[in-house]
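Enquirer: Below you will find the structure I want to go over with you.
FYI, it's all coordinate maths here, none of it is from the lab. Since this is a predicted model, take the numbers as computed values, not measurements. We place every Cβ from the backbone using ideal geometry, glycine too, and count neighbours over all the protein chains shown.
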Amino acid sequence: MNIGIIGCGSISSQYMIGLNKSEKDLNVVACADQDIEKSKSFANEYKIESLSVEDLLINSEIDIVVNLTPPSSHFDISYKCLKSGKHVFSEKPVALNIDQGKELLNQMNTNNLYLYSAPDTFLGPAFIKAKEFVLSEKIGEIIGGSVSFATHGVEGWHPNPNFYYKKGGGPLYDMGPYYLTALIKILGPVVEVISYSQKTFSNRKVENPNVEYSNIEVDVDTHYIALLKFQTGVVVDFQVSFDIWKPYDPKLEFYGTVSSIKFADPNNYDGDISIFNKEKYQWENVYSPPDKNNEYYRGLGVIQMVQDISKNNVNKEDLYLPFHVLEVMSAIDTYDQNGKWVNIEQQF
């Protein structure tokens, strides 16, 4: 299948590394970006064609568009792609609100097309292995879990940090999909949430000297705490924050009647897994990547999408998963200072 990329920002090169490893399944033929020079530079680097967004959308040779635009453009670009008769793989979040999500699904079904969305890290070996441990009942029946992603934002290192503090950014919509996807793949759908959120800093100082602007006005909440109740009855505590000074030490743990398991960072495809050893009363490593070099890059989901469509083997559960994640994030984001449980209506 032929692939076109819209959005030639920093993440696009990571996708190209992954996609170029699967040339037998797909062929990246063109790219586009609102910044024409950026598109031309990207095309020159990877020996593909640079097109305008409009020309890419009407190019009959392109089967799938990989949407790597900023979050505020995800819906618009994905919708136009589907309307133009092309399958879509979108970066997360799949959309910014439930109404947009419904429009995408309607367009997808009307045109008999598929829309997949990041994150795709659950396709990596670390998550697959950890799920095997859980299903083997090495930790017993799950009674709870805990998620924590805490850092002090991205303005110290990212080449264009502004959009992280606009609608569709922030820790919930940027990092939340990795953790929520992993949780849902293990525990099933979320049925209720109770949440608290705040915007600790209204202005962020850009410390990356390579960025042309020096300050960012913050439009979204940047510190979230929630409880998630799953269909199984399990409740998980959930924290994502861009406001906390601490080393990057992400946590995704499940607690069982027999033991506990610590998953690898769900932002990555591979990593260490630990299970609590009751006899030694300490965490014990039960899996490490066989090769310390990173063999996995963004794009694994695109490859899976191509294979699924080619074999007529699309998993409807995975197809609807990004939309359920959007539903959960929307519910977490409705903090009203009353501390009430919010039902997830499962509208998708």
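Enquirer: Return the lysines within reach of LYS199: Cα separation strictly under 26 angstrom, same-chain partners fewer than 8 residues apart disregarded; answer none if there are no such residues.
Expert: LYS92, LYS166, LYS167, LYS229, LYS246, LYS251, LYS340
Enquirer: Give me a comma-separated list of calculated 3J(HN,Hα) values for segment 10-25, in order, Karplus coefficients 6.51, -1.76, 1.60 applied at θ = phi - 60°, integers in Hz, x for any Gly or Pro.
Expert: Rounded to whole hertz, the list is 5, 6, 5, 5, 5, 5, 5, 4, x, 5, 5, 7, 10, 5, 6, 9.
Enquirer: Continuing with the same structure: Around VAL191, which amide H atoms from residues at least 5 apart in sequence, or from another chain, sit under 5 Å from its own amide H, with H modelled in the peptide plane?
Expert: Excluding prolines and chain starts, which carry no amide H, the hits are LYS229, PHE230, GLN231.
Enquirer: Rounded to the nearest 500, what is the 222 nm mean residue ellipticity of the chain from helices alone, with -39500 (n - 2.57) per DSSP H run of 4+ residues and division by all residues?
Expert: One gets -9500 deg cm²/dmol as the mean residue ellipticity at 222 nm.
Enquirer: In terms of modelled amide H atoms, which long-range or inter-chain residues lie less than 5 Å from the amide H of VAL286?
Expert: Here ILE273, SER274, ILE275 satisfy the definition.
Enquirer: List, in order, the whole-Hz ³J(HN,Hα) value for each residue of segment 303-309 obtained from phi through the Karplus relation with A = 6.51, B = -1.76, C = 1.60 and θ = phi - 60°; use x for Gly and Pro.
Expert: Ordered by residue, 3J(HN,Hα) equals 4, 4, 4, 4, 5, 4, 5 Hz.
Enquirer: Pick out which of PRO209, PRO322, PRO171 has the largest mean-square fluctuation in a Gaussian network model of the chain, springs linking Cα atoms closer than 10 Å.
Expert: With Cα springs under 10 Å in the chain, the top fluctuation among PRO209, PRO322, PRO171 is at PRO209.
Enquirer: Dipole magnitude of segment 122-295 about its Cα centre, charges +1 at Lys/Arg Cβ and -1 at Asp/Glu Cβ only, in debye to the nearest 20?
Expert: About 220 debye.
Enquirer: Would you mind checking the pairs LYS40/LYS205; LYS21/LYS129; LYS40/LYS316; LYS24/LYS316; LYS185/LYS262 and listing those with alpha carbons more than 27 angstrom apart?
Expert: Pairs exceeding the cut-off: LYS40/LYS205; LYS40/LYS316.
Enquirer: When a/c is below 1.5 the answer is rounded, else prolate if a/b is larger than b/c, else oblate, so apply that to segment 268-348 with a ≥ b ≥ c taken from the square roots of the Cα gyration tensor eigenvalues.
Expert: In terms of gyration-tensor shape, oblate.
Enquirer: Can I ask one more? Tell me, THR257, THR222 in order of fewest to most beta-carbon neighbours within 10 Å?
Expert: Neighbour counts put them in this order, fewest first: THR257, THR222.
Enquirer: Moving on. Please get the size of the charge dipole for the chain, origin at its Cα centre, with Cβ charges of +1 on Lys and Arg and -1 on Asp and Glu, quoted in debye to the nearest 20.
Expert: Charge dipole, the chain, about its Cα centre: 420 debye, nearest 20.
Enquirer: Further, regarding this structure: What fraction of the Cα pairs in segment 225-293, stated in percent, has a spacing above 14 angstrom?
Expert: Roughly 70 percent, once rounded to a whole number.
Enquirer: Hey, could you grab the Kirkwood Rh for the chain? Inverse mean 1/r over distinct alpha carbon pairs, Å, one decimal.
Expert: After inverting the mean inverse Cα-Cα distance, the result is 21.0 Å.
Enquirer: Along the charge dipole of the chain, Cβ charges K/R +1 and D/E -1, which of GLN198, HIS87, TYR320 sits furthest on the positive end?
Expert: TYR320
Enquirer: Hey, what do the phi angles of segment 137-146 turn into as Karplus ³J(HN,Hα) couplings, whole Hz, using 6.51/-1.76/1.60 and θ = phi - 60°, x for Gly and Pro?
Expert: Each residue of segment 137-146 in turn: 6, 5, 10, x, 7, 6, 10, x, x, 8 Hz.
Enquirer: Further, regarding this structure: For GLU49, what residues show an amide H to amide H distance below 5 Å, using hydrogens built from the backbone and excluding near sequence neighbours?
Expert: Residues meeting the amide H criterion: ALA30, CYS31.
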